[in-house]
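No value in this document is a laboratory result; all are computed from the given coordinates. Quantities reported herein were computed from a predicted structural model and do not represent experimental measurements. As a convention, Cβ positions derive from the backbone with ideal geometry for all residues, glycine included, and neighbour counts pool all protein chains shown.
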Amino acid sequence: MSTRPKDRGRLFLLVCKLTPVIATLAVLSSCSNTDATPSQQSAVQQAQFTSSGEVVRPDDWRSWMFVGTPLTPNALNGGEAPFPEFHNVYIEPTAFDAYKETGVFPDGTQLAKELVLVLSDGASEDGSTMQVSGRGYFQGEFQGEFQGLELAVKDTRRFADEPGGWAYFSFGHNAPPYAATAAAFPAESCNGCHEASAAKDWVFTQFYPVLRAN
């Protein structure tokens, strides 16, 4: 069916008027149908370093994602356990979001480990105590129960010479206040054990179901 010249002119004007509207609707539709992934919505929060290369102690590690608490008490290790305290381990939330999505610890990952003394009343040879839930091992409930803070940071650029790009720091093996900054341990102090025994990417995920579930 042919269109008369006058009708073709009207049709042309109508298309011209509608084109911007159609384009706008297309853009809005595209935006509304796009679901950004967690890693796209926010980059992994990076550790802060001083000009001399020391890492700055994070202030909010206890609000990070809690992943587990290994315990190897002295009483079960001949009185000489290398790590006799509870180890409360946390991962920085944006790194955890990226890990959940990819299964890989991204550059910038921070893992904090705070040491907490084992509650003991001295009544049991194995160091356990009887509490309302039964006999077992419980975190201390007295002044000075926190006994240290450590941090692991993955940064394959800053720590290109470290195995896996991981570096390890201690803000003190003592009650708070902890040190404000810390220098990295030599690679042989931590990396060897992590490389030999950690299940995934220098991290002991075998002890942390929260990480294994993602």
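Using a simple spin-label model with points 7 Å from Cα along the Cα→Cβ vector, what separation in nm is obtained for Phe49 and Val210?
2.7
Taking the dipole about the Cα centre of region 116-155, with the C-beta of Lys and Arg at +1 and of Asp and Glu at -1, give me whichever of Val132, Val118, Gln143 is farthest to the positive side.
Selected residue: Val132.
Taking only C-alpha pairs under 8 Å that are 6+ residues apart, what is the relative contact order of region 72-139 in percent?
29
Among the aspartates and glutamates, select those whose C-alpha is under 17 Å from the C-alpha of Lys100, and discard any that sit fewer than 8 residues away in the same chain.
Excluding near neighbours in sequence, the set is Asp35, Glu92, Asp201.
Between Gln139 and Glu188, what is the spin-label point distance in nm, taking each point 7 Å from the Cα along the Cα→C-beta axis?
So the two model labels end up 3.5 nm from each other.
How long is the gain from Ser124 to Asp201 if the chain were fully straight, where each residue apart is worth 0.36 nm and the alpha carbon distance is subtracted?
Value of the extension gain: 23.9 nm.
Can you work out the FRET efficiency for the pair Leu71 and Thr156, with r the C-beta to C-beta distance and R0 = 35 Å, to the nearest 0.05?
Between Leu71 and Thr156 the formula returns 0.65.
How high is the FRET efficiency between Thr102 and Asp59 when r is their beta carbon distance and R₀ equals 22 Å, given to the nearest 0.05?
Between Thr102 and Asp59 the formula returns 0.20.
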